[in-house]
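Only one structure is covered here, and it is reproduced in the block below.
Bear in mind these aren't lab numbers, they're just calculated from the coordinates by the rules spelled out. The structure displayed is predicted, hence computed values, not measured ones. Neighbour counts run over all protein chains shown; Cβ positions are idealised from the backbone, glycine included.
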Amino acid sequence: MATVTLGITGGIAAYKIPDLIRQFRKLGIEIHCIVTETALRFVTAETLAVVSETDVVVPATSGSSIIRHLHARQSSDLMVVAPATANFVAKAVAGLADSPLLSAFLAFPGRKLIVPAMHDTMWLNPATQRNITQLEAWGVEIIGPDTGALASGDFGVGRMIDSEFIILKAQLMLLGTPRLNDRRVMVGLGGTREAIDPVRVISNLSTGKLGSTLAHALALQGAKVSVVSTIPQAKNPHIANVQMVSSAQELKSGISEIWPNQDILYMPAAVSDFKPAHQSSDKIKRSSRMTIELDPTEDIIGGLVRLPHQRIVGFCLESDTKLRESAIQKLKTKRLDAIVANTPTQFGSDTRDFWVITPHGETEYTGLSLVETASVLIALGNDIF
């Protein structure tokens with residue numbers, strides 16, 4: 001079981017932390033909380049102790065708790081500070097240790113994640129930006145903040161990023177997922193829909209779960225991510241661009257437009273192989289029988305012009321008996337750098353079985369979670385360069 005030390009500072013976003021802890025616990029991750037004095041104005045130690053099922057380290061007038069909070073350096077796999085105020089960030093950079101949380105942060109030798117939350121004027125202040133840059137230079141990971149309504153009633157950048165992304169980032173760090181700093185990455189995802197008439201479509205069972213998880217994970221690992229999707233995406237301040245499409249032709253147009261400025265394309269989108277030869281402008285009336293003539297859709301990846309530095313990771317969906325044979329054939333004919341092969345049983349599943357095939361070899365994976373699968377694919381993107 002992974003163990004996370006969770007530091008909580010005195011931002012109003014601290015009221016969201018009990019729910020964050022519940023989400024960690026659902027994943028089987030053990031949480032140990034350390035709070036600042038001001039954090040206790042927004043969330044009680046008793047509440048944190050109940051949801052985490054562990055004792056909470058609080059500021060003490062004596063040194064009796066010093067051993068307990070320094071124990072984090074031996075017992076935890078990751079340290080997360082959420083929310084992290086401008087005051088905490090500044091003190092962390094200065095190396096101050098005037099609270100149990102700052103002492104633990106200073107002593108912790110492992111991976112650290114800071115989740116800033118503050119007013120936009122404080123976040124945008126040059127001193128805060130300098131401090132964030134310094135922490136990143138020391139290897140501390142930073143995610144957020146988001147843009148939106150602030151506690152003051154103002155609108156701006158400074159909201160704590162949504163809990164789902166804190167959880168995702170923590171999982172990626174626990175898995176040792178490599179960063180793709182500044183790589184320009186595009187993800188095409190979702191199942192396409194081909195219109196029969198204004199109310200009916202031909203589609204498939206793709207949920208886009210894996211593609212969405214991959215896109216958000218790539219962004220949290222430092223890539224500059226653009227998404228072309230047939231399904232709505234959760235707002236992630238680290239994703240540069242999201243373009244919504246529906247049909248295979250729209251997906252192709254969106255990818256073709258963005259592709260010249262990208263380094264990697266991941267293509268988990270389930271693209272319809274056929275579309276109606278004729279689309280009715282009016283709703284077709286019910287009848288005893290109707291025949292729909294179908295035309296093949298265009299090959300999206302095969303039609304892309306590639307520059308020498310660009311890489312493409314394709315996906316292949318095929319029945320068990322033809323899976324590897326079909327994947328290897330597509331790898332060659334489409335000149336892919338890698339292909340991910342799985343069967344139709346994987347549609348919508350929260351665990352994945354798949355093959356990763358490159359010109360240099362094959363690896364089989366079974367029973368991986370969506371986040372674990374995304375971690376494997378991010379490492380693959382790092383390896384093919």
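Sort ARG179, ARG130, ARG193 so the one with the fewest other Cβ atoms within 10 Å of its own Cβ comes first.
Least to most surrounded, the residues fall as ARG130, ARG179, ARG193.
So if we plug the beta-carbon distance of THR345 and SER253 into 1/(1 + (r/R0)^6) with R0 = 45 Å, what FRET efficiency do we get, rounded to 0.05?
That gives a FRET efficiency of 0.90.
So how tilted is helix 209-220 from the main axis of the chain? Cα-based, degrees 0 to 90, rounded to 10.
Taking the Cα atoms of the chain, the angle to 209-220 is about 50 degrees.
Between CYS33 and residues 5 or more places away or on another chain, which pairs have amide H atoms under 5 Å apart, with H built 1.01 Å from N, and which residues are they?
Excluding prolines and chain starts, which carry no amide H, the hits are LEU6, VAL57.
Counting other beta carbons within 10 Å of each residue's own, what order do TRP123, TRP138, TRP355 fall into, fewest first?
TRP138, TRP355, TRP123
Report for the chain the percent antiparallel among DSSP-assigned beta bridges with both residues inside it, nearest 5.
Bridges in the chain that DSSP calls antiparallel: roughly 35 percent.
Taking only Cα atoms, what is the 0 to 90° angle, nearest 10, from helix 370-383's long axis to the longest principal axis of the chain?
Approximately 80 degrees, to the nearest 10.
Please give the contour-minus-distance gain from ASP273 to SER246: 0.36 nm per residue of separation, less the Cα-Cα distance, rounded to one decimal in nm.
Between ASP273 and SER246, full extension yields an extra 8.3 nm.
Would you please put 100-112, 249-261 in order of how densely packed they are, using the mean number of other Cβ atoms within 10 angstrom per residue and starting with the highest?
100-112, 249-261
Measure nothing but the geometry: give the 0 to 90° angle between the long axis through the Cα atoms of 248-258 and the longest principal axis through the Cα atoms of the chain, rounded to 10°.
50
Could you work out the helix-only [θ] at 222 nm for the chain, with each DSSP H run of four or more residues adding -39,500 (n - 2.57) and the total divided by the number of residues, to the nearest 500 deg cm²/dmol?
Helices in the chain give a 222 nm mean residue ellipticity of -9000 deg cm²/dmol.
Taking the Cα centre as origin and putting +1 on Lys and Arg beta-carbons and -1 on Asp and Glu beta-carbons, what dipole magnitude results for the chain, to the nearest 20 debye?
With only Lys, Arg, Asp and Glu charged at Cβ, the dipole is about 260 debye.
On full extension of the chain, what length is gained from ALA94 through ARG179, given 0.36 nm per residue of separation minus the C-alpha to C-alpha distance?
Length gained between ALA94 and ARG179: 28.0 nm.
Could you pull out every one of the lysines with an alpha carbon less than 29 Å from that of LYS252, ignoring same-chain neighbours closer than 8 positions?
LYS209, LYS224, LYS235, LYS275, LYS283, LYS322, LYS330, LYS332, LYS334
Tell me the Rg and the Dmax, in Å, that the Cα atoms of region 184-383 produce.
17.2, 55
Any idea how far apart LYS283 and SER203 come out in nm if each label point goes 7 Å out from Cα toward Cβ?
Computed distance between label sites LYS283 and SER203 equals 1.7 nm.
Collect residues whose amide H, placed 1.01 Å from N in the peptide plane, falls under 5 Å from the amide H of LYS224; neighbours closer than 5 in sequence don't count.
ASP182, ARG183, ARG184, VAL185
Could you put SER280, SER75 in order, starting from the residue whose Cβ has the fewest other Cβ atoms within 10 Å?
Ordered from fewest to most neighbouring Cβ atoms within 10 Å, SER280, SER75 come out as SER75, SER280.
According to the square roots a ≥ b ≥ c of the eigenvalues of the Cα gyration tensor, what is the shape class of region 28-184, taking rounded for a/c under 1.5, prolate for a/b larger than b/c otherwise, and oblate for the remainder?
It comes out rounded by the Cα gyration axes.
Using alpha carbons only, how many angstrom separate the centre of region 130-152 from the centre of region 222-238?
Value for the Cα centre distance between the two parts: 19 Å.
What would the Debye equation give as log₁₀ I(q)/I(0) for the chain at q = 0.06, 0.11, 0.13 Å⁻¹, counting only Cα atoms as equal point scatterers?
Log10 I(q)/I(0), no solvent term: -0.29, -0.84, -1.06.
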